Amino acid sequence: MTTTTDRAIPTLPSRSPADSLAFYAKLGFAGKLAAPDGSYAILERGALELHFFAHPKLDPATSHAGCYLRVADVTGLYRAFEAAALPRRGIPRMDALERKPWGMLEFAVVDPDGNLLRIGQVL
């Protein structure tokens, strides 16, 4: 008998799904353009999956898109993402790993399109 696990997969805007593939490859994601015209991309890193749809007129500075990724080893993922050497300010960026008062250890990544990914682990 096959069991399935319920999952939510974020679908985020991207000025260029091909450019999103390149950016997220630096964070260890693998993926592909899933539409013949390049308007959709699917990326995976282990059990994490992100989808991107083309939104050529997106303004990264005013984007409100984002998602929360809850992981089992946020410290390990943070260390792996550090290899991308993202800046601490601006777009794109990666924030520091911090213990939050709501019981999470988390950090955030803002990609070149202004998408906010909060990534955390329950303490």
Notebook entry, point to check: Any chance region 20-43 includes a residue that's closer than 22 Å to LEU123 by Cα and either among the acidic types (Asp, Glu) or touching a helix residue (DSSP H, G or I) at 6+ places or on another chain (Cβ under 8 Å) (or both)?
Noted result: no
Notebook entry, point to check: In region 67-91, what count of residues is obtained for those that are aromatic (Phe, Trp, Tyr) and either in a helix (DSSP H, G or I) or open to solvent by less than 40 Å² (accessible area, probe 1.4 Å) (or both)?
Noted result: 2
Item checked: Unique residue being out of contact with any strand residue (DSSP E or B) (no Cβ under 7 Å at 6 or more places or on another chain), surrounded by 14 or more Cβ atoms within 10 Å (Cβ to Cβ) and not in a strand (DSSP E or B) when the list is ASP37, ASP19, ASP6 -> ASP19
Notebook entry, point to check: Any idea how many residues of region 92-121 are among the hydrophobic types (A, V, I, L, M, F, W, C) and either at positive phi or open to solvent by 80 Å² or more (accessible area, probe 1.4 Å) (or both)?
Noted result: 1
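The values are calculated or read from the model by the stated rules, or taken from the named source; none is laboratory data. From a predicted model like this one, the values you see are computed outputs, not experimental measurements. Here Cβ is always computed from backbone atoms with ideal geometry, including for glycine, and neighbour counts include all displayed protein chains. Side chains are part of the model used for accessible areas, which takes the heavy atoms of the whole protein and leaves out ligands, DNA and RNA. Shrake-Rupley method; radii C 1.70, N 1.55, O 1.52, S 1.80 Å.
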